[in-house]
Amino acid sequence: GKAGGKAGGKAAAKVAAKARRLKIELGRTLFKAGARQEGGALLTSILQQDMEQADALLPYGEACVALGQHDDALKIFLRLVTQRSDDSAVRRLLAASLGSKDGMALLRQQLAFDAKSASALAFLATIARDHSKLSASLELIAEAARLVPDASAYALQRAHTLEVGLRYADALEAVREHCDANPQRAAAGVRCAD
């Protein structure tokens with residue numbers, strides 16, 4: 001009766017999940033092997049069934065990056081990074097989208113650049129820096145520092161990113177600017193004004 005129906009339903013759900021994973025891998029493999037239209041169509045059809053499934057979003061986003069569709073890719077990876085912030089593939093592909101020619105303009109369409117988003121901008125700056133997208137990283141962290149000028153962490157992150165880019169004089173200037181703007185800030189008993 002009911003117990004058999006539940007067991008049969010669970011088995012059917014497992015089979016459907018496996019079939020979905022196989023279709024995703026087939027779509028990804030076809031795309032990477034050069035059958036981009038077929039692979040992309042398969043990934044699209046899977047996503048149309050459920051737009052929230054991260055397992056299909058990642059390969060679809062990869063395809064978007066490969067095709068230079070950074071607007072779609074950025075939307076996907078901003079969604080995925082909130083769910084899987086430590087996923088190296090998500091971070092790498094998000095950095096690629098941020099570092100694209102229109103990456104910052106596209107991000108401004110997705111995220112308000114205000115004091116409330118400064119921590120998100122700093123997080124994205126770290127991701128971009130960690131994947132050698134220094135221009136995007138500097139733009140993001142400079143924006144976070146501008147939005148919250150008393151945040152020493154953003155000033156230090158900006159200085160560190162400049163150091164990574166071997167721009168030592170600019171790094172020192174970033175620290176000096178922060179100290180000039182925040183003369184009462186202190187560390188280890190030394191005030192910025194000193």
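Its relative contact order, with pairs defined as Cα atoms under 8 Å and 6+ residues apart, puts the stretch 10-102 at 19 percent. Between SER85 and LEU172, with labels modelled 7 Å along Cα→Cβ, what's the label distance in nm to one decimal, could you check? Here the modelled spin labels are 3.5 nm apart.
Just how many % of Cα pairs in the stretch 127-194 lie over 16 Å apart, if you round to the nearest whole percent? Result: 44 percent of Cα pairs exceed 16 Å. Checking every one of the trypsin sites (Lys or Arg not before Pro) in the stretch 91-146 against DSSP loop status and a limit of 12 other Cβ atoms within 10 Å picks out LYS101. The GNM of the chain, with springs linking C-alpha atoms under 10 angstrom apart, assigns the highest mean-square fluctuation among TYR60, TYR168, TYR154 to TYR168. Quick check: from the Cα gyration tensor, does the stretch 95-159 come out rounded (a/c under 1.5), prolate or oblate? Verdict is oblate for the stretch 95-159.
When the Cα convex hull of the stretch 21-110 is projected onto planes of every orientation, the mean area is 5.5 nm². Taking 19 Å as the cut-off, the amide N atoms of the stretch 63-79 that come nearer than this to a point 7 Å along the Cα-to-beta-carbon line of GLN37 belong to 63-64, 66-69.
In the chain, Cα pairs under 8 Å separated by at least six residues give a relative contact order of 10 percent. Surface composition of the chain: carbon plus sulfur atoms contribute 55% of the solvent-accessible area (1.4 Å probe, protein chains only, all chains present). Rolling a 1.4 Å probe across the protein heavy atoms gives the stretch 99-194 an accessible surface of 56 Å² per residue. The GluC sites (Glu not before Pro) of the stretch 5-52 that DSSP puts in a loop, and whose beta carbon has at most 15 other beta carbons within 10 Å, are GLU52.
For the chain, modelled as a Gaussian network with Cα springs under 10 Å, which listed residue fluctuates most, GLY27, GLY99, GLY68? Of GLY27, GLY99, GLY68, the most mobile in the Gaussian network model is GLY68. Over the C-alpha atoms of the chain, the Rg to Rh ratio, Rh being the Kirkwood estimate, stands at 1.16.
The values are calculated or read from the model by the stated rules, or taken from the named source; none is laboratory data. Please read all numbers here as calculations on a predicted model, not as lab measurements. In this analysis, Cβ positions are derived from the backbone assuming ideal geometry, glycine residues included, and neighbour counts consider all displayed protein chains. Calculation scope for accessible area: heavy atoms of the full protein, side chains included, ligands and nucleic acids excluded. Shrake-Rupley method; radii C 1.70, N 1.55, O 1.52, S 1.80 Å.
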